[in-house]
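Encoded as structure tokens, the structure appears first; notes follow it.
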Amino acid sequence: MDLEGQKVAVLGGTSGIGLATARAAVDAGATVVIAGRDPQRLEKALKELPATVTGATVDATSTDSLKDFYSDLGTFDHLVLAVSGRAGGGPFESLEAEQLRRAFEGKFFAYFLAIQAALKTLREGGSIVLVTAASARTPFPGTSGLAAVNGALEAMIPTLALELKPTRVNGVSPGVIDTPWWDDMPQERRQAAFAQMAASSPVARVGQPEDVAGAVLFLLADSYMTGTIVECDGGARIK
Ligand SMILES: NC(=O)c1ccc[n+]([C@@H]2O[C@H](COP(=O)([O-])OP(=O)(O)OC[C@H]3O[C@@H](n4cnc5c(N)ncnc54)[C@H](OP(=O)(O)O)[C@@H]3O)[C@@H](O)[C@H]2O)c1
């Protein structure tokens, strides 16, 4: 996969899937800029990446913050959205409306605002990849809120691909991936949950951020791909 000479911005690039994507994009020859809210997390991520990668602190839920980011970035070729709202999980019966609103703010509206604000400086014929989630289409008790947020994003992708053409718009829909997204869950409980999910997975393991990064890179690099969503879930939806 060749991204030589292309500039890739990864929002949510300071951790997990976004960080792995940034690394893979550098390996493919791209100039990469990563962004997240926490300056310490950003600094740590930059230390883990090749020195050519630059970074910025950005809050993707803030129009002003996004405006500053894109203005500093200048024209670029690809936008990867790997921002996590981290809210909205849990059984429907006890899911609070406020929690679900926060989930929409933190992910759906972050992606919406980040794409809209990017349009002035994203090169026509470049591409956008939205990292969504398998909960959008694979039913699993306790994920109705996450399904709603990610389903809303996935529903927009084909329409956006038509409206924004020749810029390509695609999604990658990950299953369970071992990233800091899970840090709120105590270590022991997380290990047990991962072991259980691995046991029922057709590929007998949970995913790694690099698995998803590979799918994102494919969509960035293949100029014949648009309006589609790649499931990167170890076969979770067919089990
Ligand atoms: N891990 C999984 O099992 C899994 C499964 C399915 C889908 N996903 C999706 O994959 C995407 C990436 O998740 P991950 O697992 O890589 O999570 P992660 O390790 O928690 O990384 C999330 C990234 O988003 C950044 N971020 C969060 N809110 C932001 C905001 N408002 N503005 C800018 N940056 C923001 C974080 O940095 P700061 O906190 O410093 O801002 C961090 O860089 C998310 O959309 C998640 O829903 C993950």
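See the values below:
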quantity	calculated
Qualifying position, being within 19 Å of Gly175 (Cβ to Cβ) and modelled with pLDDT of 95 or more, among Ser135, Ser71, Ser127	Ser135
Leading residue by the ranking (farthest from Arg41 (Cα to Cα)) among those in segment 153-186 that are of a type in the set (A, V, I, L, M, F, W, C) and more than 13 Å from the ligand (Cβ to nearest atom)	Leu162
Test for Leu146: is it under 20 Å from Lys107 (Cα atoms) and within 15 Å of the chain's Cα centre (by Cα)	yes
Subset of segment 59-97 that is of a type in the set (Phe, Trp, Tyr) and touching a Gly at 6+ places or on another chain (Cβ under 9 Å) - its residue that is surrounded by the fewest Cβ atoms within 10 Å (Cβ to Cβ)	Phe92
Which numbered condition Thr143 fails, given (1) away from the ligand (no atom under 13 Å from the Cβ); (2) out of contact with any strand residue (DSSP E or B) (no Cβ under 9 Å at 6 or more places or on another chain); (3) of a type in the set (S, T, N, Q)	(1)
Residue check, Ala22 surrounded by 14 or more Cβ atoms within 10 Å (Cβ to Cβ), closer than 25 Å to Ser223 by Cα, under 12 Å from the mean Cα position of the chain (by Cα) and more than 9 Å from the ligand (Cβ to nearest atom)	yes
Within segment 155-202, considering residues that are under 17 Å from Phe112 (Cβ atoms) and assigned to a strand (DSSP E or B), the one farthest from the chain's Cα centre (by Cα)	Val169
Test set (1) of a type in the set (D, E, K, R); (2) within 13 Å of the ligand (Cβ to nearest atom); (3) crowded, with 17+ Cβ neighbours inside 10 Å - Lys7 fails condition number	(2)
Residue within segment 109-132 that is in contact (Cβ under 8 Å) with a residue 24 or more places away in the chain, in a loop (DSSP other than H, G, I, E, B) and surrounded by 20 or more Cβ atoms within 10 Å (Cβ to Cβ) present	yes
Complete set of residues in segment 1-58 that are among the small types (Gly, Ala, Ser), outside any helix (DSSP H, G or I) and either in contact with a Lys or Arg (Cβ under 7 Å, 6 or more places away or on another chain) or touching a residue at least 12 places away in the same chain (Cβ under 8 Å) (or both)	Gly5, Ala9, Gly12, Gly13, Ser15, Ala28, Gly29, Ala30, Ala35, Gly36, Gly55, Ala56
Count of segment 212-239 residues which are part of a helix (DSSP H, G or I) and in contact (Cβ under 8 Å) with a residue 40 or more places away in the chain	12
Conditions (1) touching a residue at least 40 places away in the same chain (Cβ under 8 Å); (2) of a type in the set (Val, Ile, Thr); (3) within 15 Å of the ligand (Cβ to nearest atom); number of the one not met by Val206	(1)
Residues satisfying the stated conditions in segment 1-24, i.e. closer than 20 Å to Asp72 by Cα and in contact with a helix residue (DSSP H, G or I) (Cβ under 7 Å, 6 or more places away or on another chain)	Val8, Ala9, Val10, Leu11, Gly12, Gly13, Thr14
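The values are calculated or read from the model by the stated rules, or taken from the named source; none is laboratory data. In this text, all values refer to a predicted model and were calculated from it rather than measured experimentally. As a convention, Cβ positions derive from the backbone with ideal geometry for all residues, glycine included, and neighbour counts pool all protein chains shown.
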